[in-house]
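Student: Before we start, here is the structure in question, set down as structure tokens.
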Amino acid sequence: MSSKKPMFPNLRSAIVSIAVVGLLSVFALFAIDRNNVNRLGSYQKQALGDLQKVRSHIALRFDYAKALSALLEQNGHEASLDSVVGEFEKEQSVADLTARYLLLDEALGLLQRNLYADPAYLSYAPYFEKMYEEELALSDALLSYHTKAEYFNRQKHAFPALIVANRLEMEDLALFTLAPALKGRP
């Protein structure tokens with residue numbers, strides 16, 4: 001003989017138990033949501049901090065190219081870099097910065113080959129060396145940004161962070177495609 005005892009001895013204990021479970025469930029959902037908001041915000045902030053470093057290195061490289069262009073004009077060379085460095089803005093989108101950087105890299109590669117035989121090349125060489133140093137620093141900053149941006153993008157698309165990302169309208173972080181330019185330096 002099995003004697004079944006009721007789960008709740010009376011209606012009051014049933015209501016209290018259900019209310020406590022409901023409140024704990026709501027609190028758990030709120031805590032999970034806040035955790036995801038904070039976590040995604042932290043990942044995004046770290047990636048955007050590295051993006052600013054990348055932008056700074058690219059801007060310095062463009063500044064050195066502008067200075068080199070001015071020096072070339074003073075020495076009577078035609079302004080081959082003016083069209084590339086003329087309208088540079090540090091706060092462009094990642095895609096625009098990538099395109100501008102690749103144009104600059106191509107123009108600098110051609111210019112350096114053309115100027116190498118020039119007797120005044122030694123006065124231009126320090127600019128090329130500084131741009132190369134900035135490119136090395138850019139490579140490190142770019143690797144750090146890509147690592148953090150890819151991690152943010154992956155985390156953003158995972159459940160339950162996906163719900164938070166959609167609610168907060170978080171966009172994927174764009175990646176640079178500078179690998180061809182960074183591989184071929186002298």
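Student: Taking the Cα centre of the range 75-180 as origin and charging only Cβ (+1 Lys, Arg; -1 Asp, Glu), how large is the dipole, in debye to the nearest 20?
Tutor: Values: 8 positive and 18 negative charges, 99 e Å.
For the range 75-180, the charge dipole is close to 480 debye.
Student: What does the accessible area per residue of the range 93-175 come to in Å², with a 1.4 Å probe and no ligands, DNA or RNA counted? Numbers along the way, then the final one.
Tutor: Values: 4750 Å² over 83 residues.
For the range 93-175, the solvent-accessible area averages 57 Å² per residue.
Student: Looking only at S17, S144, S83, which one moves most when the chain is put into a Gaussian network model with springs between Cα atoms under 10 Å?
Tutor: Looking only at S17, S144, S83, the largest GNM fluctuation is found for S17.
Student: Find the accessible area per residue for the range 1-42; the probe is 1.4 Å, ligands and nucleic acids are left out, and the unit is Å². It would help to have the intermediate numbers written out before the result.
Tutor: Working: 3720 Å² over 42 residues.
Roughly 89 Å² per residue, with all protein chains present.
Student: DSSP H helices in the chain with Cα extent of 18 Å or more along the helix axis and mean Kyte-Doolittle hydropathy at least 0.0? Before the final figure, lay out each step's value.
Tutor: On the way: long enough: 11-74 (93 Å, 0.39); 94-115 (31 Å, 0.50); 121-156 (50 Å, -0.73).
Flagged H segments are 11-74, 94-115.
Student: With a 1.4 Å probe and all protein chains left in place, how much of the accessible area of the range 52-143 comes from carbon and sulfur atoms, in whole percent? Numbers along the way, then the final one.
Tutor: Working: 2680 of 4990 Å².
Looking at the range 52-143 in its full context, I get 54 percent from C and S.
Student: Over the range 52-143, with a single point scatterer placed on each C-alpha, what log10 of the ratio I(q)/I(0) does the Debye formula yield at q = 0.13, 0.14, 0.17, 0.23 1/Å?
Tutor: -0.41, -0.48, -0.69, -1.20
Student: Okay, moving on. Dipole of the chain (Lys/Arg Cβ +1, Asp/Glu Cβ -1, origin at the Cα centre): which of A120, V85, V16 lies farthest to the positive side?
Tutor: In the chain, that residue is V16.
Student: As a test of the formula, what do you get for the chain when each DSSP H run with n ≥ 4 contributes -39,500 (n - 2.57) and the sum is divided by the residue count, at 222 nm and rounded to the nearest 500 deg cm²/dmol? Mind showing how you got there, number by number?
Tutor: Details: 6 runs with 138 residues, N = 186.
The helix contribution divided over the chain gives -26000 deg cm²/dmol.
Student: If the only charges are +1 at each Lys and Arg Cβ and -1 at each Asp and Glu Cβ, what is the size of the charge dipole of the chain around the Cα centre, to the nearest 20 debye? Walk me through the numbers before you get to the answer.
Tutor: Working: 20 positive and 22 negative charges, 381 e Å.
Charge dipole, the chain, about its Cα centre: 1840 debye, nearest 20.
Student: Something else about it: Just L68, L115, L60 to compare: in a GNM of the chain, with alpha carbon springs under 10 Å, which one fluctuates most?
Tutor: Judging by the Gaussian network model, the answer is L115.
The values are calculated or read from the model by the stated rules, or taken from the named source; none is laboratory data. Predicted model only: the values in this text are computed from it and were never measured. Cβ coordinates were reconstructed from backbone atoms using ideal geometry, including for glycine residues, and neighbour counts include every protein chain displayed. Side chains are part of the model used for accessible areas, which takes the heavy atoms of the whole protein and leaves out ligands, DNA and RNA. Shrake-Rupley method; radii C 1.70, N 1.55, O 1.52, S 1.80 Å.
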